Amino acid sequence: MVKRLMLCAAAILFIGGLSMAGQSAGTAGTWSGIITNDKCGAKDASEQGAGCTKGCVARGAKLALYNTDDKKVYVLEPQDKATGHEGHDVTVKGTLDGDTIHVISITMNPSKGS
């Protein structure tokens with residue numbers, strides 16, 4: 001009887017832990033950088049690399065933000081919010097979860113020459 005009780009208690013704790021793991025809220029914030037892809041990263045993070053980024057995405061790469069401040073590449077989800085911004089200097093508002101930003105909005109940054 002005690003063995004069954006211990007087994008049930010362990011199962012409840014395990015299931016409870018799994019359900020809590022899926023509730024990670026992430027970190028809300030804004031990130032600035034260039035829209036590129038997760039395969040080439042900084043190499044394609046420019047207006048000149050936009051064509052390469054589009055080609056890589058057509059072959060299965062994901063659109064990403066190359067953050068010029070911390071030199072990291074963050075995958076953007078949902079992808080359709082970043083489509084059309086390849087090579088653009090942008091600010092992304094959203095929630096960071098690991099290396100993925102769950103996008104709320106993307107806005108173009110003013111050109112540095114203006």
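The values are calculated or read from the model by the stated rules, or taken from the named source; none is laboratory data. Because the structure is a prediction, the values reported are computed rather than measured. Please note: Cβ atoms are built from the backbone with ideal geometry, for glycine as well, and neighbour counts cover all protein chains shown.
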Yes or no: V57 among the aliphatic types (A, V, I, L, M) and in a strand (DSSP E or B)? no
I'm trying to understand the selection: among the residues of region 14-51, which are in a helix (DSSP H, G or I) and at pLDDT 70 or above? I15, G41, A42, K43, D44, A50, G51
Out of region 87-114, which residues are loosely packed, with under 12 Cβ neighbours inside 10 Å, farther than 16 Å from I34 by Cβ and either under 8 Å from the mean Cα position of the chain (by Cα) or modelled with pLDDT of 95 or more (or both)? G98, D99, S105
